[in-house]
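Reviewing the structure listed below.
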Amino acid sequence: MAVNTIQELIGLLNQIDTDATVLAAIVNDSATATANGPGPGLVTTRLGNNVRNVQKVIADIENNIISGIRPNIQDEGATIVDSPDGINFVGSSVTVTDVSGVATVTIADPSVSKSGTPVDNQVAVWTGNGPIEGNSTLTFDGAVLTVNAPSAPSLNITDSNDATTLLATIINPGTPVAIIGTTTAHALRFQTSNTPRVSITPAGLVGIGTNNPSQLLTLEAETPVIRLNDLSSTNAGEIYTDNSRLVIAADVDNLVSSTEISFALDGAEVMKLFDSNLILTNNGYVQATKRINAQIGASYTLALEDTNGIVTMDNGSANTVVIDPVSTTAYPVGYVVEVIQLGTGATTIDAGVGVTLNGVSAGNGTLTAQYDVVRLRHIAPDVWIVSGNIGAIA
């Protein structure tokens with residue numbers, strides 16, 4: 001049966017196509033029809049191959065060339081597309097796959113449209129006049145999301161309100177390099193347990209434990225520690241700071257029999273801390289200024305911080321420098337100090353109870369004159385030697 005008027009076409013398209021009369025009528029009514037069915041002017045019924053002219057009619061309806069028609073497409077009484085508010089389809093074919101005897105196309109959003117012309121190998125989701133815009137959410141429910149391209153495959157996540165873009169890409173001029181970061185002047189942060197851990201500012205400053213690093217690398221914590229573990233041994237070193245110290249430590253777990261802290265310049269070791277001693281290498285030397293502890297009183301007891309320093313006694317009357325026993329002041333073995341008599345009053349070196357001075361228990365001796373110098377050395381626990389301009393030890 002041929003279709004002569006729009007009204008007849010409307011009537012036919014609203015029928016249930018149980019005998020293929022609608023498809024046959026559309027095919028036979030087209031002057032340019034080329035049938036791919038059994039013969040010229042014929043059409044394969046139901047879900048056959050020859051659907052070219054059906055697509056043309058649908059396209060004419062969607063482009064308002066034929067208006068006022070809303071087709072219901074059915075197969076054996078099962079509705080495939082049921083009264084959507086609007087459908088715009090741009091393509092060459094629609095395929096319905098039979099899954100367990102049921103073929104269903106569902107339109108969840110009552111208004112789904114696509115504007116523009118798709119290109120080869122392009123798949124997108126549209127909710128307006130552009131790809132993925134408006135209050136839209138793209139959800140991927142699968143194991144792997146793959147972006148595959150022969151050059152610079154990329155994934156961009158952009159906040160259009162703040163003009164911020166997160167980029168994951170691979171650049172491959174020569175050796176390929178993977179890049180994750182921002183393409184805009186915004187910070188990049190890494191976090192765990194919903195807490196920021198590492199932050200990189202737009203200027204490239206890296207913060208660990210802080211979002212506001214002040215230097216190229218900033219660590220922030222109650223006691224920030226950098227730990228270095230040697231995989232070939234049990235040696236571990238740490239650099240850390242606390243309320244009052246900067247600590248550089250070797251063998252922090254005390255698992256290695258002998259360790260040292262070495263200092264090198266120009267590719268060569270110049271100094272090391274080894275076995276509680278400071279050792280110079282390569283014929284080095286120590287350049288230091290001695291601490292001077294100026295005293296003007298009648299008596300002064302040597303302190304721990306006087307080691308390798310100078311104590312001056314400037315008094316017009318007799319005065320005394322006292323050496324405590326180790327039980328009172330824990331002078332280390334090797335402690336050395338110089339004493340100078342600056343004043344006119346005689347300065348006496350006095351060993352405390354239990355302290356031996358030049359072989360004399362609780363001994364003492366007096367410097368011979370103003371401006372004389374003596375040196376005190378702690379050579380064993382509570383055993384001292386005094387040398388220089390001093391009289392006999394009594």
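For the stretch 312-353, what are the residues that are of a type in the set (Ser, Thr, Tyr), surrounded by 18 or more Cβ atoms within 10 Å (Cβ to Cβ) and in a loop (DSSP other than H, G, I, E, B)?
Within the stretch 312-353, TYR331, TYR335 meet the criteria.
Scan the stretch 363-394 for residues that are surrounded by 14 or more Cβ atoms within 10 Å (Cβ to Cβ), of a type in the set (A, V, I, L, M, F, W, C) and over 20 Å from LYS290 (Cα atoms) and jot them down.
LEU367, VAL383, TRP384, ILE385, ILE390, ILE393
Exactly one condition in (1) over 20 Å from VAL386 (Cα atoms); (2) under 51 Å from the mean Cα position of the chain (by Cα); (3) exposed (fewer than 14 other Cβ atoms within 10 Å of the Cβ) is false for GLU305; which is it?
(1)
Within the stretch 243-250, is there a residue that is under 30 Å from ASN156 (Cα atoms), surrounded by 11 or more Cβ atoms within 10 Å (Cβ to Cβ) and either of a type in the set (A, V, I, L, M) or touching a residue at least 40 places away in the same chain (Cβ under 8 Å) (or both)?
no
Which fully enclosed strands (runs of 3 or more DSSP E) of the stretch 213-278 have 1 or more residues being more than 23 Å from the chain's Cα centre (by Cα), hydrophobic (A, V, I, L, M, F, W, C) and over 25 Å from ARG189 (Cα atoms)?
By residue number, 236-241, 246-249, 260-265, 268-274.
Please go through the stretch 164-191 and pick out each residue that is within 18 Å of ASN148 (Cα to Cα), in a strand (DSSP E or B) and of a type in the set (S, T, N, Q).
THR169
Taking the options GLY128, GLY142, name whichever one is small (Gly, Ala, Ser), in a loop (DSSP other than H, G, I, E, B) and at pLDDT below 65.
None of the other options fit; the residue is GLY128.
Among the residues of the stretch 295-323, count how many are without any contact (Cβ under 8 Å) to a residue 24 or more places away in the chain and in contact with a His (Cβ under 9 Å, 6 or more places away or on another chain).
0
Exactly one condition in (1) assigned to a strand (DSSP E or B); (2) among the polar types (S, T, N, Q); (3) farther than 30 Å from THR241 by Cα is false for ASN161; which is it?
Result: ASN161 passes all but (1).
The values are calculated or read from the model by the stated rules, or taken from the named source; none is laboratory data. Keep in mind that what you see is a predicted model, and the values were worked out from it rather than measured. Glycine gets a Cβ as well: all are built from the backbone with ideal geometry, and neighbour counts include every protein chain shown.
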